[in-house]
Amino acid sequence: MKIGKLRYCIGGLVGLPMVLAAQNPIVQTMYTADPAPMVYDGKLFLYTSHDEDASTWFVMNEWKLYSTTDMVNWTDHGAVLSYETFSWAKGDAWAMQCVERDGKFYAYVPVTMKSGGGAIGVAVADSPYGPFHDPLGKPLAQSKRGDIDPTVFIDDDGQAYLYWGNPFCYYVKLNEDMISYSGEIMELPHIEDYQEGPWFYKRNGHYYLAFASTCCPEGIGYAMSKNPLGPWEYKGHIMDHTPRTRGNHPGIIDYKGKSYCFGQNYDIFRLETSRHAERRSVSVAEMEYNPNGTIRMLPYFHECKLEQIEKFNPYRKVEAETMAWGFGLKTTPKNIWSHERWNQLVTSIDDGEYLMVKGVDFGKAKTFKVSASAHLYGGILEIHIDQKDGPCVGTVNISHTKSELREFTTSVVNLNGVHDLYFVFKGGKELKKNLFMLDWWAFE
Ligand code: FUB
């Protein structure tokens, strides 16, 4: 099933309800939940869980990866890890977190075991994109119950900590190898309003434990401590409980001088129906700290600030799966057998749909090149600026390519300055759906 079919039914408008006019939720091509940001090598990586398109309850099989350098245009790297990575797991790829240590990437995940019950596993990779493998062949940690939502933090002295759990919050000290622990698993004294989804981090000497607050609806709460093992003092809401989202789940990070709080809601699913199902979408907001380290409460995501922090450079090969908005489109791995499995194609492109890249710094573009494949009749890619119906500065006729990827080039007019870029897709009378697939594009 494809997300976004009702787009054309809302009041007869071709477009989006006002409520989704901003860059949130940040992924529209599929459902994402449980955001886990990580900064590495100047890039913000975002691992998410994935609600399957037809989920009613939590149908979750894999973890996805997205990245950005400007906070509004996100590149889709596909699924980098699945519950099948763990031979002893039978499903339920819920909230994970990935951390880097000495050039290795450790993904901590909750899964349901073949033998029954939940446990925390760990997988290791040499790159943030994977491939990840399970070094233990068995769970890393298991407590009495509610073994979900692992969060890991490495302190300045090198000691790493693992926290997790719903409705109890457990913790343990990880060893330097990051795949074993020392001492007993401990249970935290209950923190007011704690439900699940702990997110452990340190900033300016303060330790923070943010969490999804008491269900339902969940908000985002937080506690602070002077010590990585507590005692933790409840400090209130980062985002209040609100009927606008049933579940929430924090992921908090500093990037390029700003602080961000990621969470989740049902806002993409709401475009289709008002009934409830676990089909969630990750959103993000800029957040601020007070001088004493406490956090200024945020309104709901739609009222929050989210600025593009650098202009987008179109004079390079841009993966087509990089977008600020792509409602109605899908992505799929370009080649599942390749070691670059994270490279995606944009698919499911129907007549009237569009892909938007925000804040593109054009300078003086003269030519546009796109790599695409069309299995049948193909279609037209129109290049518009500023709005979907804004000036059309170029048109590419993507014709039948015998299923091969082929480069198409067109000249473009009057392109300088910074503009939002819209690729608007048009079919002909023979074909309205699945017009073509896109691999990459570039301006020259
Ligand atoms: O995504 C599955 C579960 O829902 C997570 O583990 C919880 O934090 C909640 O977001």
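Worth pointing out:
- Residue match in the range 254-261 (condition: modelled with pLDDT of 95 or more, within 30 Å of Phe368 (Cβ to Cβ) and more than 16 Å from the ligand (Cβ to nearest atom)): yes
- Hits in the range 376-420 (condition: acidic (Asp, Glu) and surrounded by 14 or more Cβ atoms within 10 Å (Cβ to Cβ)): Glu382, Asp420
- Residue, nearest to the ligand (Cβ to nearest atom), within the range 280-321, restricted to residues that are of a type in the set (Val, Ile, Thr) and either free of Cβ contacts under 8 Å to residues at least 60 places away in the same chain or open to solvent by less than 10 Å² (accessible area, probe 1.4 Å) (or both): Val282
- Taken over the range 125-143, the criterion of being within 25 Å of Gly165 (Cβ to Cβ) and of a type in the set (Phe, Trp, Tyr) is satisfied by Phe132 alone.
- Once the range 226-253 is narrowed to residues that are open to solvent by 10 Å² or more (accessible area, probe 1.4 Å) and of a type in the set (S, T, N, Q), the residue that is modelled with the lowest pLDDT is Thr242.
Here is a yes/no grid of residues against (1) acidic (Asp, Glu); (2) closer than 29 Å to Ala54 by Cβ; (3) touching a helix residue (DSSP H, G or I) at 6+ places or on another chain (Cβ under 8 Å):
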{"site": "Glu176", "(1), (2), (3)": "yes, no, no"}
{"site": "Tyr181", "(1), (2), (3)": "no, no, no"}
{"site": "Tyr201", "(1), (2), (3)": "no, no, no"}
{"site": "Leu209", "(1), (2), (3)": "no, no, no"}
{"site": "Pro217", "(1), (2), (3)": "no, yes, no"}
{"site": "Asn227", "(1), (2), (3)": "no, no, no"}
{"site": "Tyr266", "(1), (2), (3)": "no, yes, no"}
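- Restricting attention to the range 185-194 and to residues that are assigned to a strand (DSSP E or B) and either surrounded by 24 or more Cβ atoms within 10 Å (Cβ to Cβ) or of a type in the set (Val, Ile, Thr) (or both), the residue that is farthest from the ligand (Cβ to nearest atom) turns out to be Ile185.
- Strands (runs of 3 or more DSSP E) lying entirely in the range 403-444 (those with 1 or more residues that are more than 21 Å from Asp389 (Cβ to Cβ)): 406-415, 437-443
- Scanning the range 142-156 for residues that are more than 10 Å from the ligand (Cβ to nearest atom) and either acidic (Asp, Glu) or touching a helix residue (DSSP H, G or I) at 6+ places or on another chain (Cβ under 8 Å) (or both) yields Asp147, Asp155, Asp156.
- Remark: pairs (first residue in the range 215-228, without any contact (Cβ under 8 Å) to a residue 24 or more places away in the chain; second residue surrounded by fewer than 19 Cβ atoms within 10 Å (Cβ to Cβ); Cβ separation under 9 Å; 6+ apart in sequence or on different chains) = Ser225/His206; Ser225/Pro231; Ser225/Glu233; Lys226/Gly205; Lys226/His206.
- If the condition is being closer than 14 Å to Tyr47 by Cα, in a strand (DSSP E or B) and touching a helix residue (DSSP H, G or I) at 6+ places or on another chain (Cβ under 7 Å), then the range 86-128 contributes only Ala123.
- For the range 102-141, filtering for residues that are within 22 Å of the chain's Cα centre (by Cα) and away from the ligand (no atom under 16 Å from the Cβ) leaves 15.
- Residues that are in a strand (DSSP E or B), acidic (Asp, Glu) and more than 10 Å from the chain's Cα centre (by Cα) occur at least once in the range 54-65.
- The residue list Glu288, Glu272, Glu303, Glu310 contains one member that is farther than 21 Å from Thr48 by Cα and touching a helix residue (DSSP H, G or I) at 6+ places or on another chain (Cβ under 8 Å), which is Glu272.
The values are calculated or read from the model by the stated rules, or taken from the named source; none is laboratory data. Quantities reported herein were computed from a predicted structural model and do not represent experimental measurements. Because the Cβ atoms are built from the backbone with ideal geometry, glycine has one as well, and the counts that use them run over all protein chains shown. Just so you know, the surface numbers come from the protein's heavy atoms only, side chains and all, with ligands and any DNA or RNA stripped out. Shrake-Rupley method; radii C 1.70, N 1.55, O 1.52, S 1.80 Å.
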